[in-house]
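The values are calculated or read from the model by the stated rules, or taken from the named source; none is laboratory data. Please read all numbers here as calculations on a predicted model, not as lab measurements. Cβ coordinates were reconstructed from backbone atoms using ideal geometry, including for glycine residues, and neighbour counts include every protein chain displayed. Quick note on the areas: whole protein, heavy atoms, side chains included, nothing else; ligands and nucleic acids left out. Shrake-Rupley method; radii C 1.70, N 1.55, O 1.52, S 1.80 Å.
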Amino acid sequence: MELWYTEMHTENAKLSMKVKEQLFSEESEFQKVDVFDTYEFGRLLTIDGLVMVTQKDEFVYHDMIVHVAMATNPNIKKALVIGGGDGGTARELTRYNSIEKMDMVEIDELVVRASKEYLPFTAGKLDDPRVNLFFEDGVKFVEDKKGEYDLIIVDSTDPIGPGEGLFSIEFYQNCYDALTENGILINQKESPYYARDAKEMIRADQKIKKIFPIAMTYKYHIPTYPSGLWLFGFASKGLHPIEDLDADKWNGLGLKTKYYNTDLHVGSFALPNYVKEMIENGII
Ligand code: SAM
């Protein structure tokens, strides 16, 4: 008997992966966490039935959520990761000796426990001495922070359930206040392709633009997310991700990456016309 994991991307489109076995399933007060072993994508972590991380394509997401900011500002010392319970974002940040402190605020301890047990390839650096793990709501955590972080990465689920508050204008204002003058905010910004995801992307974009002088969008290709075309937001008080990129300096670090490179860094900010029009006009 064949076992398949299926995620509905819309009412009329879905993605299925053939499953070897289910490894974990538990429900916390926040969400249901499952881990599967799949033939095509290796280990798969889902939250409330939605793909969060797969062993085969997580490198795309975690390269692009971390290295674009780190190559734009080589002086980032204090970082805040909100969400990111699988540990992949923390893993990439700990590769930089310049990082002195990383606060990681994950609302659900269950995600971290499941990731440590079944996703060692993403969760393997959560015990780095620079990582301070807080099992709290990221929305509340930033409320009283002022000028504390050079980088805030919002590695969140979609704007539903506990993730909803991470897409609010108050949250973005609190992130602005929590950042230093050269601070950068990177946020998971959904996708332009399917209507529901595009609506959320536009909503997030319009809120961030009201607060940050520089608010841009960059793209990456991740096969297991709806449509494969997914976006991150880059927002800052002054640093520009292309004008301030020092490619030679980043390349001089000698960090080996499977997806990110400084050419792709620049190219990722070039958007298809239909996406540019969505962002410029604020409509799908
Ligand atoms: N890469 C995934 C994606 O793009 O959907 C997300 C990675 S990670 C698994 C998302 C994390 O955000 C989850 O572990 C979830 O518990 C956490 N999260 C959701 N809402 C949160 C909140 N308000 N504060 C802190 N963490 C939150």
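Around the Cα centre of the chain, unit charges on the Cβ atoms of Lys, Arg, Asp and Glu (plus for the first two, minus for the last two) sum to a dipole of about 660 debye.
Which FRET efficiency, nearest 0.05, do S98 and E164 yield, Cβ-Cβ r, R0 35 Å?
Details: r = 33 Å, r/R0 = 0.95.
Once the sixth-power term is evaluated, E becomes 0.60.
Restricted to Cα atoms, segment 140-248 shows a radius of gyration and a Dmax of 13.8, 42 angstrom. 3J(HN,Hα) along segment 192-207, derived from phi through the Karplus expression 6.51 cos²θ - 1.76 cosθ + 1.60 where θ = phi - 60°, amounts to x, 8, 8, 3, 5, 5, 5, 5, 5, 4, 5, 4, 5, 4, 5, 6 Hz, with x in place of Gly and Pro. Average 1/r across all pairs of distinct alpha carbons in the chain, invert it, and you get the Kirkwood radius: 19.0 Å.
Judged by the mean number of other Cβ atoms found within 10 Å, the most tightly packed of the peptides 134-144, 149-159 leads the ranking 149-159, 134-144. The accessible surface of the chain, taken with every protein chain in place and a 1.4 Å probe, is 49 percent carbon and sulfur.
List the GluC sites (Glu not before Pro) within segment 148-197 that DSSP assigns to loop and that have no more than 15 neighbouring Cβ atoms inside 10 Å. Can you show the working numbers first?
On the way: sites: E148, E164, E170, E181, E190; in loops: E148, E190.
Nothing satisfies the criteria.
For segment 137-166, the residues whose backbone nitrogen is under 20 Å from a point 7 Å from the Cα of K77, taken along Cα to Cβ, are 145-153.
Accessible area per residue, 1.4 Å probe, Å², for the chain: what's the number? Value returned for the chain: 43 Å² of accessible area per residue. Dipole of the chain computed with +1 at Lys/Arg Cβ and -1 at Asp/Glu Cβ about the Cα centre; of M1, G138, H221, farthest Cα towards the positive end is H221. Here r is the Cβ-Cβ distance between I242 and L3 and R0 is 51 Å; the resulting FRET efficiency, rounded to 0.05, is 0.65. Note on segment 3-54: with charges restricted to the Cβ of Lys and Arg (+1) and Asp and Glu (-1), its dipole about the Cα centre is near 260 debye.
Our estimate of slack between R113 and A195, defined as 0.36 nm per intervening residue step minus the Cα-Cα distance, is 26.2 nm. Shown are K210, K237, K18, whose ranking by accessible area with a 1.4 Å probe and every protein chain present, most to least, is K210, K18, K237.
Of the cross-linked pairs K101/K140; K77/K189; K32/K78, those separated by over 22 Å at the C-alpha level are K77/K189; K32/K78.
Between N132 and L15, the C-beta separation translates, for a Förster distance of 41 Å, into a calculated FRET efficiency of about 0.70.
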